[in-house]
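The values are calculated or read from the model by the stated rules, or taken from the named source; none is laboratory data. Quick caveat: nothing in here was measured; it's all calculated off a predicted structure. Positions of Cβ are generated from backbone atoms using ideal geometry, with glycine treated the same way; all protein chains shown enter the neighbour counts. The accessibility values were calculated without ligands, DNA or RNA, using every heavy atom of the protein model including side chains. Shrake-Rupley method; radii C 1.70, N 1.55, O 1.52, S 1.80 Å.
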Amino acid sequence: MNRQSLIIDCDPGVDDAVGLMLAFGADELELLAITAVGGNVPVEKTARNARMLRQIAGREDVPVFMGAARPLRREPAGAGEFHGAEGLGDMAPFEPDAPCAEGHAADAIVALVMGRPERSVAIAVMGPLTNLALALRREPGLAKRLGPVAVMGGARSEGGNITASAEFNIWADPEAAAEVLASGCDVVLFGLDATHQVRATEERIAALEAIGTARAEAAASMMRFSQRIEREIVGWDAPPVHDPCPVAWLLKPALFELAPCRIGVETESELTRGHTAVEFRAATAGTLPHRWATAADADGVFALIGEKCA
């Protein structure tokens with residue numbers, strides 16, 4: 001088996017938790033590290049949550065590094081109303097047995113990527129892009145060394161989920177997103193256009209609950225929390241499960257349809273802060289260095305989550 005070496009950069013977060021459980025159970029992935037960033041909740045909580053989930057999954061072999069506590073230029077902004085005050089929905093917080101690894105997440109990203117063959121290490125980003133932007137600042141050669149950078153972020157035809165036109169991960173640190181997209185990295189963005197197709201219906205949650213493993217129970221509990229919150233706040237019966245999408249694509253690319261594009265991020269206007277301008281027309285945009293997910297096979301994504309959580 002050719003295993004994909006992978007760093008997961010995240011801000012757990014209920015849907016981050018599902019993405020982590022998917023990755024923890026995938027033998028096809030060589031998980032090099034989890035790097036935590038401030039986003040849905042402060043970084044001290046996201047790093048603790050990553051370690052909690054690691055312990056539940058029995059994957060203490062994967063180091064967790066704490067990273068940026070705040071965006072490059074902005075004040076921190078959380079999303080606790082959608083994730084719970086501690087970030088993991090109804091799960092009671094606890095202090096995990098194993099601590100964070102020594103060092104900053106950005107330095108860990110640089111060391112892990114630069115110490116391995118070119119293009120062999122992928123990064124799945126499930127939160128604001130601050131850690132990766134800092135890593136690129138510290139080592140400009142990183143962009144050429146990285147494999148695909150699979151990012152949950154952005155919105156186009158679906159509109160935004162934090163403002164009218166912006167998705168939370170990009171809005172939380174638009175400067176970091178702009179720097180990563182301009183860096184030359186091979187960026188694939190899984191925005192709301194695709195992730196809103198991946199919804200946790202009652203049947204899908206129940207199927208995950210029936211598996212009975214610790215990973216499946218944890219993932220299902222996150223979806224149950226999201227189901228309740230989405231009904232209360234948005235009025236949807238089936239919440240979108242955003243963050244597993246980059247990991248699912250790395251495991252099974254056929255689950256998603258991608259289109260070449262050029263993506264810019266609004267950093268100046270407060271009205272449209274974090275808006276992702278996705279341009280598919282080569283005649284207008286010149287070269288098309290990025291890829292944008294336009295469609296997702298939701299049944300296939302949930303089948304994959306069930307398989308890897310079993």
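A helix-only calculation puts the chain at -11000 deg cm²/dmol for mean residue ellipticity at 222 nm, using -39500 (n - 2.57) for each DSSP H run of at least four residues, averaged over all residues. Comparing Arg59, Arg145, Arg231 in a Gaussian network model of the chain where C-alpha atoms under 10 Å apart are linked, the largest mean-square fluctuation is found at Arg231.
In this simple spin-label model, placing a label point 7 Å from the Cα along the Cα-to-Cβ direction at both Gln55 and Ala310 gives a separation of 2.9 nm. Here the range 11-83 exposes an accessible surface that is 50 percent carbon and sulfur, computed with a 1.4 Å probe and the other protein chains kept in place.
Among Gly160, Gly67, Gly127, the residue with the largest mean-square fluctuation in a Gaussian network model of the chain, with springs joining Cα atoms closer than 10 Å, is Gly160. To put it simply, the accessible area of the range 250-298 at a 1.4 Å probe is 55 percent carbon and sulfur. Please work out the Cα center distance from the range 236-289 to the range 142-202, rounded to the nearest Å. Spelled out, the Cα-based centre of one part sits 5 Å from the other.
When the Cα gyration tensor is reduced to axis lengths a ≥ b ≥ c, the ratio a/c stays below 1.5 for the chain, which is therefore classed as rounded. Within the range 213-255, list the residues whose amide N lies under 13 Å from a label point set 7 Å along Cα→Cβ of Ala85. Within reach of a label on Ala85: no residues. What FRET efficiency comes out for the pair Leu271/Arg119, r = Cβ-Cβ distance, R0 = 51 Å, nearest 0.05? The value I calculate is 0.85.
Solvent-accessible area assigned to carbon and sulfur over the range 197-238 amounts to 51 percent, based on a 1.4 Å probe. Within the straight-line cut-off of under 26 Å between alpha carbons, the lysines reachable from Lys308 are Lys45, Lys252, sequence neighbours fewer than 8 places apart in one chain being disregarded. Between Thr201 and Trp236, the contour length at 0.36 nm per residue exceeds the alpha carbon distance by 11.6 nm. Taking 0.36 nm per residue of sequence separation and removing the Cα-Cα distance, the Arg281/Ile211 pair yields an extension gain of 20.7 nm. Taken about its Cα centre, the range 1-41 carries a charge dipole of about 60 debye when Lys and Arg each add +1 at the Cβ and Asp and Glu each add -1 at the Cβ.
Solvent-accessible surface of the chain, averaged per residue with a 1.4 angstrom probe and all protein chains in place: 38 square angstrom. For the chain, a Gaussian network of Cα nodes joined below 10 Å ranks Leu271, Leu251, Leu53 by mean-square fluctuation, and the top entry is Leu271.
Think of the chain as a dipole: +1 on every Lys or Arg Cβ, -1 on every Asp or Glu Cβ, centred on the Cα centre; then among Leu32, Ala182, Ile7, Ala182 lies furthest on the positive end. Beta-bridge orientation, the chain: approximately 30 percent antiparallel, per DSSP, counting only bridges with both partners inside.
Using a simple spin-label model with pseudo-atoms 7 Å out from Cα toward Cβ, Glu95 and Ala303 lie 4.5 nm apart.
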